[in-house]
Amino acid sequence: MSKGVTFYFMRHGETYLNKYHRMQGWSDTPLTNRGKRDVARSGAGLADVKFDAVYCSDLRRTFETAQIIVNENQHKEEMPPVVAMPEFREIFFGSFEGMDATETWENLWKFLGYEEGMDYRNDKSVIEELNGMKAMDPYHEAEDYLTFWTRVERGLIKLINEHRETGRNILVVCHGMTIRNMIHALIPEFQIDRHLDNASISVVSYYDGFYHLEKFNSVEHFAPDNINNNEQEPEVHKILPTDVDKDDELPLQEQ
């Protein structure tokens, strides 16, 4: 058997825009206290896993999540710095950023002619949905599928080239839609028809020339929540990410 590699894809903890059911792509809000606790519980459940590299998107919510996960890990003194990669940002929703999520998605489905909602068992539904979001955006600045996936795929290829056949455990903290599309790219039969919980992990291993989905949207590893006071937060020691190359920065004002 080849050395392979194991990717732990983790969605960030709950943010305030998640809590308020608002559209959140490139817009960014801090983790809620509940979000921090759930991430700490997730990290405690993974504390004995030695991560040989930790990546996140360049948005605050994923870096904040990665910090907590590293601080909970038994091997944190041996772990390299967190690497922030703009390629792993969530989809940009254009002028719909911060809007009511339920209303926005329902309006999109009607715009596309699906009064009862999209059928996500159809592989092309996500492509149609993201292209429709751009078309419906009055400014047409929302990312269409090709723009979104070209960016994410670039980051995924970097990770595969760097770590495949190393036998390493790689933690990638990013976003729900980003993670689901990466898994679909690695495992084509995987259907993007299920949402991810905050702080959940989805584990993909590579060996003998194939990728295998070991876990999806798993929260079974969470440590018990012993905090009753909603205002109490887990301790966080700041860990600075490595610098992002200037050429990789995404133009916030342009898109």
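For a quick protection proxy, order the peptides 70-81, 27-38, 115-126 by their average other-Cβ count within 10 Å, most packed first.
Packing order, densest peptide first, comes out as 27-38, 70-81, 115-126.
Ignoring everything except DSSP H segments at least 4 long, calculate the 222 nm mean residue ellipticity for the chain; use -39,500 (n - 2.57) per segment, divide by total residues, nearest 500. Walk me through the numbers before you get to the answer.
Details: 7 runs with 83 residues, N = 255.
Computed ellipticity for the chain at 222 nm equals -10000 deg cm²/dmol.
When the convex hull of the C-alpha atoms of the stretch 1-63 is computed, what volume per residue in Å³ does it have?
111
Give the separation of the Cα centroids, the stretch 73-150 to the stretch 33-70, in Å.
The two parts, judged by their Cα centres, are 22 Å apart.
Please give the peptides 14-23, 52-61, 98-107, 165-174 ranked by average Cβ packing (other Cβ atoms within 10 Å per residue), highest first, as a rough proxy for protection.
52-61, 165-174, 14-23, 98-107
Can you tell me what the convex hull of the Cα atoms of the chain projects to on average, as an area in nm²?
Averaged projected area of the chain's Cα convex hull equals 14.0 nm².
When only alpha-carbon atoms count, how far does the stretch 43-194 stretch along each of its three principal axes, as whole angstroms with the largest first?
52, 31, 25
Rule-based calculations on the coordinates, nothing more; no lab input. Remember, predicted model here, so these are calculated numbers, not experimental data. Heads up, the Cβs are rebuilt from the backbone with ideal geometry, glycines too, and the neighbour counts pull from every protein chain shown.
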